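Here it is: the structure, laid out below.
The values are calculated or read from the model by the stated rules, or taken from the named source; none is laboratory data. On a predicted model such as this, the values are computed, not experimentally measured, just so you know. Cβ atoms come from the backbone with ideal geometry, glycine included; neighbour counts cover every protein chain shown.
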Amino acid sequence: MNVLLVNGSPHKEGCTHTALAQVAEALHQEQIGTAEFWIGNKPLSGCIACKACAQTRRCVFNDKVNEFLDIASSYDGFVFGTPVHWAGATGAITSFLDRAFYADLNGGGNRFLLRPAAAVISARRAGTTATWDQLNKYFGLMQMPIITSRYWNMVHGAKPEDVVKDAEGMQTMRILGKNMAYFLKCKNAAQQAGVLPPEQEPFVFTNFIRE
Ligand SMILES: Cc1cc2nc3c(=O)[nH]c(=O)nc-3n(C[C@H](O)[C@H](O)[C@H](O)COP(=O)(O)O)c2cc1C
């Protein structure tokens, strides 16, 4: 089993990476493999709502989003990390997730269905819980079970050395990794015991208009 750690920071080896690395270490201790996917620091467009992804299940902009979509199916779980920018997720990870998940929301078939997800937030000081709420909303709509820890998944620091000193934050990351591993093992055991995922109903899309 493998978990993909998506690093939504403009810094490849900054505070967000430091937190994700601690989650990875806990996953490795439970024999779960990991890979880190950095979304980079090049501009990422927001979604232009062209809905071409409904046909192709890829984005019209061929960048990190498609790179991610191409490998996503081979991972059993996901952790998405972001620093806080202006008390919310960064513009880049917001654009990235808007486009990545819309491809499966519109296209039929959902490569993320029942694959667990967690958000990890890094901040110097404030905006962490609002950002955590923001990322969890993607998972809620994509039917991705949300994995939690003993505290909300956050670390504090302006540089990686600060994050390492955030003992509670680092513990929160370790517990998150262990909880993710436990969930994946339970899901695997359920599959082996013949417990099937629920059948998907066709989409009902009402825009709040009743006939
Ligand atoms: C544009 C910008 C906005 C920021 N806004 C906040 C903020 O609202 N609250 C906060 O605590 N830190 C804020 N920070 C600091 C970062 O969230 C913090 O240093 C983070 O741990 C950096 O993670 P990274 O090394 O992975 O980029 C901001 C940083 C930048 C560059």
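Restricting to segment 138-176, name every residue that is charged (D, E, K, R) and either at pLDDT below 95 or loosely packed, with under 14 Cβ neighbours inside 10 Å (or both).
Within segment 138-176, Arg150, Lys159, Glu161, Lys165, Glu168 meet the criteria.
Here is a further query. Output the residues belonging to segment 1-23 that are under 16 Å from Tyr182 (Cβ atoms) and crowded, with 20+ Cβ neighbours inside 10 Å.
Answer for segment 1-23, where residues must be under 16 Å from Tyr182 (Cβ atoms) and crowded, with 20+ Cβ neighbours inside 10 Å: Val3, Val23.
Another question, then. Any idea which residue in segment 71-96 is nearest to Leu5 (Cα to Cα), counting only those that are of a type in the set (Phe, Trp, Tyr) and within 16 Å of the ligand (Cβ to nearest atom)?
Phe80
Also, I was wondering about something else. Any idea which of (1) more than 24 Å from Ile39 (Cα to Cα); (2) assigned to a helix (DSSP H, G or I); (3) away from the ligand (no atom under 16 Å from the Cβ); (4) of a type in the set (D, E, K, R) is the one Arg99 doesn't satisfy?
Of the numbered conditions (1) more than 24 Å from Ile39 (Cα to Cα); (2) assigned to a helix (DSSP H, G or I); (3) away from the ligand (no atom under 16 Å from the Cβ); (4) of a type in the set (D, E, K, R), the odd one out for Arg99 is (1).
Take Ala103 and decide whether it is free of Cβ contacts under 8 Å to residues at least 60 places away in the same chain, surrounded by fewer than 18 Cβ atoms within 10 Å (Cβ to Cβ) and farther than 21 Å from Leu27 by Cβ.
Criteria not met by Ala103.
Mind listing just one residue for me: the one in segment 110-137 that is more than 16 Å from the ligand (Cβ to nearest atom) and surrounded by 15 or more Cβ atoms within 10 Å (Cβ to Cβ) and, of those, nearest to Glu13 (Cα to Cα)?
Ala118
Additional query: Just to be sure I understand, how many residues within segment 53-67 are modelled with pLDDT of 95 or more, part of a helix (DSSP H, G or I) and more than 15 Å from Asp98 (Cβ to Cβ)?
Residues that pass the stated criteria total 1.
Sticking with this structure for a sec: Do any residues in segment 165-185 that are closer than 17 Å to Val155 by Cα have Cβ atoms under 7 Å from those of residues that are of a type in the set (Lys, Arg), where the two are at least six apart or on different chains, and which pairs are they?
What qualifies is Thr172/Arg150; Ile175/Arg150.
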